[in-house]
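Structure first, then comments.
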Amino acid sequence: MGHRTPLYQAHVDAGAKIVDFGGWDMPLHYGSQLDEHHQVRRDCGMFDVSHMCVLDLHGAGVRPFLRRLLANDVSKLTATGRALYSCMLNEQGTVLDDLIVYYMDDEWFRMVVNAGTRDKDIAWIRRHAAAADVEVVVRDDFVMIAVQGPNARSRVAPLLPEADRPAAAALGPFRARACGDLFVATTGYTGEDGFEVMVPADRGKEFWNDLVAQGCAPCGLGARDTLRLEAGMNLYGSDMDESTTPLESSLGWTIAWDPADRAFIGRPALEKQRAAGARRKLVGLLLQDRGVLRGHMRVVTSAGDGETTSGGFSPTLGKSIALARVPVGAGDELEVEVRGKLLKATVVKPPFARNGKPLV
């Protein structure tokens, strides 16, 4: 038996297929992964993401601390509730984790890190926070529910305090605000509009059931993975990890190089790689032949071999897609070895689909 979120019994009661996910017992689907995928793209679906780790960072030195800890620069965050996506690197410039950080006030930032890297992340952050006199608080008192899809906002709105509904409805991308005892953020992992809502754990199941009553369909990890793949979003442990840098993972845009004197962890190693030129790159693949792409398949290019990092059937496109790490000189036409056969694939720029529509 693995770790269980406060919503575990609700999943069992709804007939979910439960699987192990990084040591957590989580729903894979509630009957049809394909239906759940289309539900999010066309209407509204919701995911239990309470296995993610929420951290609150407090202290007068929290902003300079985060400017050193993260490759992206939190000095960009000046308005309450603004959010930033970043990688957290080690001294070699490779990726310890990717995360979202929210600016709440000058002495309080909120951070959400991945479940599979939870213990490693907490230890790393606390190690560096000690010297900065920053307090790190693990918020296990929350349930987090991602409500995603074109109708997500309208389904969540009736469950928010009436006074907060207009402001929540007006939130732009990567924003957050407190709505009574709820924390509502316009972030997600599907390429669709919606909210990620943090709810006090003692009323998490009640809120989940209220969302069901509003027409939000429970969705599992299977649909979450196909949705994020279509959206071209990296998965930690598959598309990047401690063996890769952001420059090799299509995440160069998350590195804030200016100002030049910001000494974030991993910067010297990244600057060296940038000057020399990365030898590998992460690209999107669209399979032209019949078959299904998966992770860890050999990719044959004119510049040498690479490997798929994530792959699967795209319900929105009706074709197989993948992310792959290939030599930087690889061309746009290549082959992937699937069950001993070389199948033709084309390099395309992710996202493959977003806001309910194919993009390639």
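The table that follows gives values for the structure above.
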read-out: Span from the the stretch 310-340 Cα centroid across to the the stretch 341-357 one, whole angstrom; value: 7
read-out: Contact order relative to length of the stretch 84-124, as percent, for alpha carbon pairs under 8 angstrom and 6 or more apart; value: 29
read-out: Normalised per residue, the volume of the convex hull around the Cα set of the stretch 237-360 (Å³); value: 118
read-out: Assigned charges on the beta-carbon of Lys, Arg, Asp, Glu; the stretch 245-324 dipole about Cα centre (debye); value: 120
read-out: Cα-Cα separations in the stretch 191-296 greater than 23 Å, expressed as whole percent; value: 53
read-out: FRET efficiency estimate (nearest 0.05) - Cβ-Cβ, Asn355 to Arg165, R0 22 angstrom; value: 0.45
read-out: Value at 222 nm in deg cm²/dmol, rounded to 500, when DSSP H runs of n ≥ 4 in the chain each add -39,500 (n - 2.57); value: -6000 deg cm²/dmol
read-out: Zone of Glu307's modelled label, taken as backbone nitrogen in the stretch 271-301 under 18 Å from a point 7 Å along Cα→Cβ; value: 279-285, 293-301
read-out: Residues of the stretch 235-256 with amide N under 19 Å of a point placed 7 Å along Cα→Cβ from Phe174; value: 235-236, 246-256
read-out: Segment Asp35-Asp210, length gained on full extension (0.36 nm per residue, minus Cα span); value: 60.9 nm
read-out: Spacing of the two label points (7 Å from each Cα toward its C-beta) at Lys76 and Arg4, in nm; value: 4.0
read-out: Cross-link pairs beyond the 26 Å C-alpha cut-off, checked among Lys120/Lys205; Lys281/Lys319; Lys17/Lys120; Lys120/Lys357; value: Lys120/Lys205; Lys17/Lys120; Lys120/Lys357
read-out: Over the stretch 83-184: Rg over Rh, Cα atoms, Kirkwood Rh; value: 1.01
read-out: Burial ranking of peptide ranges 259-265, 76-82 (average Cβ count within 10 Å, highest at the top); value: 76-82, 259-265
read-out: Cα→Cβ-extended label distance, 7 Å offset, between Leu317 and Ala131, nm; value: 4.4
read-out: Share of alpha-carbon pairs per 10 Å distance bin for the chain, given as whole %; value: 5, 24, 32, 27, 11, 1, 0
read-out: Cα-centre dipole for the stretch 76-202 with unit charges at Cβ (Lys and Arg positive, Asp and Glu negative), debye to 20; value: 340
read-out: Volume of the Cα convex hull of the stretch 144-233, divided per residue and given in Å³; value: 89
read-out: Hull volume in cubic angstrom per residue (convex hull over the Cα atoms of the stretch 26-138); value: 125
read-out: Rel. contact order, % - alpha carbon contacts under 8 angstrom, at least six apart, the chain; value: 18
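Readers should treat all values here as calculations from the given coordinates under stated rules, not as data from a laboratory. It should be emphasised that the depicted structure is a prediction, and the values quoted were computed from it without experimental measurement. Glycine gets a Cβ as well: all are built from the backbone with ideal geometry, and neighbour counts include every protein chain shown.
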